[in-house]
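See structure below.
What follows is calculated from the coordinates using simple rules that are stated; it is not laboratory data. Please read all numbers here as calculations on a predicted model, not as lab measurements. We place every Cβ from the backbone using ideal geometry, glycine too, and count neighbours over all the protein chains shown.
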Amino acid sequence: MLNPTTLNTELLKIMDDNNPNFLGFPSDNFEMATNWGNAIFNYAKDVIPTSLTATQSKDAFIGVMQTMTIPTGLAIFPLAFTSFALTLAGGMQPLFTGVPPPIPIILLPVFVLPFETPIEARVAAMTAIIDLWFRTGTAINNTSGVTTIWS
């Protein structure tokens, strides 16, 4: 099941240097991408309907995220999330046809918060956006034809 509490905790580990579980500042893009990939994986790995490709989804996310540079940051985030969701959706077969969220994730509202916004508030906003976006994914039961939202 998609768990926003887990997501918030995981994001604090990579974004809040005052958090006792802070993972430290990444030394390179691969470490940054891996930290983010693990956070999203821990949040979405138990999605309902079940996906057999959660680990591959994490790998797809990391593969895209590690290409991030300062000028491409805002463009890379949506691509990484879309890659994760597409791979996750594919793993819902054979019982369901997974359909990833229909539009790219929009994280810009978090990135334009005033500088003095506490990190906890930034993480809470990011958690809400990510969780809401994932819940726009759907799955069609291949036997009954009933569509359900990811949860």
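What's the extension gain from D28 to R122 if we count 0.36 nm per residue and subtract their Cα-Cα distance? Show your work: numbers first, answer last.
Working: separation 94, 0.36 × 94 = 33.84 nm, distance 2.29 nm.
Length difference between fully extended and current span is 31.6 nm.
Mind giving me the nanometre distance, one decimal, between the label points for M1 and T136, set 7 Å out from Cα along Cα→Cβ?
2.4
Would you work out the charge dipole size for the stretch 4-149 about its Cα centre, treating the Cβ of every Lys and Arg as +1 and the Cβ of every Asp and Glu as -1, and quote it to the nearest 20 debye? The partial results should precede the final answer.
Values: 5 positive and 10 negative charges, 84 e Å.
The calculated dipole for the stretch 4-149 is roughly 400 debye.
Starting from the Cα of T143, step 7 Å along the direction of its Cβ; do the same at D59; then give the gap between the two resulting points in nm.
Distance between label points: 3.0 nm.
Relative to the compact-globule scaling 2.2 N^0.38 Å, provide the ratio for the alpha-carbon radius of gyration of the stretch 4-149. Walk me through the intermediate numbers first.
Numbers: Rg = 15.5 Å, N = 146, 2.2 N^0.38 = 14.6 Å.
Dividing the Cα Rg of the stretch 4-149 by 2.2 N^0.38 Å gives 1.06.
Tell me the mean residue ellipticity at 222 nm calculated for the chain from its helices only (DSSP H runs of n ≥ 4, each -39500 (n - 2.57), averaged over every residue, nearest 500). It would help to have the intermediate numbers written out before the result.
Details: 6 runs with 78 residues, N = 151.
That comes out to -16500 deg cm²/dmol.
Please arrange S57, S27 by how many other C-beta atoms lie within 10 Å of their C-beta, fewest to most.
Numbers: S57 25, S27 8.
Listing S57, S27 from fewest to most nearby Cβ atoms yields S27, S57.
Loop only by DSSP, 10 or fewer other Cβ within 10 Å of the Cβ. Give me the chymotrypsin sites (Phe, Trp or Tyr not before Pro) in the stretch 79-151 that pass, ordered by residue number.
Details: sites: F81, F84, F96, F111, F115, W133, F134, W150; in loops: F115, W150.
Passing sites in the stretch 79-151 are F115.
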